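Trainee: Below is the structure I would like to discuss, written out as structure tokens.
The values are calculated or read from the model by the stated rules, or taken from the named source; none is laboratory data. Quick caveat: nothing in here was measured; it's all calculated off a predicted structure. Every residue, glycine among them, receives a Cβ derived from its backbone with ideal geometry; neighbour counts consider all protein chains shown. Please note that ligands, DNA and RNA were not included when accessible areas were found on the heavy atoms of the full protein model with its side chains. Shrake-Rupley method; radii C 1.70, N 1.55, O 1.52, S 1.80 Å.
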Amino acid sequence: MIDIETMTILIVDDMKSMRLTLRKMLRNLGIGKELFFADNGKSGLLALKNHFCDLLIVDWNMPEMNGSQMLANLRRDKEIRDIPVIMVTAENERDVVADAAEYEVEGYLLKPLTLDALDTKIKSVIEAVNHPEKAKIHLLEARACEEAGNIEGAIDETRKALGLKPNASRILRKLGLLYLEAKKAEIGEKCLQKAVAVNPQDTISRNHLAKLYINKRDFKQAAQLYMEILSFSTRYFDSAVHLGETLLINGFRTEARTLFSRIISKSRFNRMLQEKIMNICLDNQEYEYVAKIVTEAIKENPANMDLMYRAGTIYLETGDQEKAMECFITVDDNMRGGVKTKLQIARIHINNKRILQADDYLNRILRIDPSNKEALKLRRQI
């Protein structure tokens, strides 16, 4: 049994002011006898190797290792995986709900913290640990069975837990995964579908269902699920991008473009992800779609000349030489002296039999680099 007044608490937060605030609040509430502190998830895990703790209060956003990553490591370690965790988060961190469901966070608090909220949350969490529901006891038995290789026993215990809480999406999800492990895919699929039905924001069950549909080559169903997932969470971008590539390869081009558009709209400031999507589309000859992506990106950042040059090369792939020319001239006007861009402009002029204009740009190149082989080659062509 954990005693509220004498328990040991680890506070993990990268802000010293927040750690001091929590210490003061806990002292005022008379909660906890011994407090330990860590400034990120990595140092928090290290502290748990040196100190026994009854409760963790963990901030979500931290450098080096954030709260989500710390939880993932915590729940994989049998020695510390059952320590109750209260997550502290800002209201705009929507993915906290998804992570709380996946890593079984016992509770979370929104900033700014108040004494009443902290007091109520800690007491409710410790009460649940000291007097676990019967469903929780069955789930712990199910976990023990699963780890011993007794999947049927795990299914039986999980079904008992579900009998006590028939609309718990987490239990339905666990039962579905156990049935899948037992090679009973049809029952497992139904359990996951019901988990989604009782909890429309259950992104984890949707993700498992999507993987199941991908294995069944039901790519349209999988794509629809990821469209729904991306409405609630930004945690599945990589999986969604991989599915988009699979859709393209298998001929579901409309579905792929729709999925990619949803990803881009949800990751507007993730340039690496957008570059990855554009490269996948270029590899699969989706030139017009990539041109659309780049055009929208340029509207948001017209001063990005690297992006403008990329747009020019993509318009060339689509066969729109005039739009490509506009892009290359914009780049050349803003970055004078660039031989690469001038070569692109010269080639377009040659292709359109504008010899004088092509010769002008070739001369500009040769003044900068008299031995430029490509320019000399193009000069011989005209």
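Trainee: Do you know which of the residues in the range 299-349 that are polar (S, T, N, Q) and not in a helix (DSSP H, G or I) is farthest from PHE269 (Cα to Cα)?
Mentor: Ranking the qualifying residues of the range 299-349, first place goes to ASN304.
Trainee: Could you check the range 83-95 and list, in sequence order, the residues that are open to solvent by less than 10 Å² (accessible area, probe 1.4 Å) and either at pLDDT 90 or above or among the aliphatic types (A, V, I, L, M) (or both)?
Mentor: PRO84, VAL85, ILE86, MET87, VAL88 - these are the residues of the range 83-95 that are open to solvent by less than 10 Å² (accessible area, probe 1.4 Å) and either at pLDDT 90 or above or among the aliphatic types (A, V, I, L, M) (or both).
Trainee: Continuing with the same structure: Just checking, how many residues over the range 285-302 are without any contact (Cβ under 8 Å) to a residue 24 or more places away in the chain and of a type in the set (A, V, I, L, M, F, W, C)?
Mentor: 3
Trainee: State the number of residues belonging to the range 61-82 that are open to solvent by less than 20 Å² (accessible area, probe 1.4 Å) and either under 22 Å from ILE126 (Cβ atoms) or in a strand (DSSP E or B) (or both).
Mentor: 4
Trainee: Kindly evaluate ILE293 against the criterion of being closer than 19 Å to LEU248 by Cα and either at pLDDT 90 or above or of a type in the set (Val, Ile, Thr) (or both).
Mentor: Considered against the rule, which asks whether it is closer than 19 Å to LEU248 by Cα and either at pLDDT 90 or above or of a type in the set (Val, Ile, Thr) (or both), ILE293 comes out as yes.
Trainee: Next question. Between residues in the range 177-203 that are under 15 Å from ARG159 (Cα atoms) and residues that are surrounded by fewer than 17 Cβ atoms within 10 Å (Cβ to Cβ), which pairs lie under 6 Å by C-beta distance while being six or more apart or on different chains?
Mentor: Correct list of pairs: TYR179/ILE187.
Trainee: How about the range 113-146: which of its residues are open to solvent by less than 50 Å² (accessible area, probe 1.4 Å) and either in contact with a Cys (Cβ under 9 Å, 6 or more places away or on another chain) or of a type in the set (Val, Ile, Thr) (or both)?
Mentor: ILE122, VAL125, ILE126
Trainee: Taking only pairs six or more apart or across chains, which ones have beta-carbon atoms under 6 Å, a first residue in the range 33-60 that is touching a residue at least 12 places away in the same chain (Cβ under 8 Å) and closer than 18 Å to MET87 by Cβ, and a second residue that is open to solvent by 80 Å² or more (accessible area, probe 1.4 Å) and in a loop (DSSP other than H, G, I, E, B)?
Mentor: ASN40/GLU64; LYS42/GLU64
Trainee: If GLN274 passes every condition in (1) closer than 16 Å to ILE298 by Cα; (2) open to solvent by 60 Å² or more (accessible area, probe 1.4 Å); (3) free of Cβ contacts under 8 Å to residues at least 24 places away in the same chain; (4) not acidic (Asp, Glu) but one, which one does it miss?
Mentor: (2)
Trainee: Please note which helices (runs of 4 or more DSSP H) are completely contained in the range 126-184 and include at least 3 residues that are touching a Gly at 6+ places or on another chain (Cβ under 9 Å).
Mentor: Hits in the range 126-184: 134-147, 169-181.
Trainee: Also, I was wondering about something else. Residue by residue through the range 169-186, note down the ones that are exposed (fewer than 15 other Cβ atoms within 10 Å of the Cβ) and within 13 Å of ILE151 (Cβ to Cβ).
Mentor: Matches in the range 169-186: GLU181, ALA182, LYS183.
Trainee: State all residues of the range 193-206 that are out of contact with any helix residue (DSSP H, G or I) (no Cβ under 6 Å at 6 or more places or on another chain) and either open to solvent by 80 Å² or more (accessible area, probe 1.4 Å) or not in a loop (DSSP other than H, G, I, E, B) (or both); if no residue qualifies, say none.
Mentor: Hits for the range 193-206 are GLN193, ALA197.
Trainee: Right, next: Just to be sure, is ASN50 among the polar types (S, T, N, Q), within 21 Å of THR114 (Cβ to Cβ) and either modelled with pLDDT under 95 or more than 32 Å from the chain's Cα centre (by Cα) (or both)?
Mentor: No, not satisfied.
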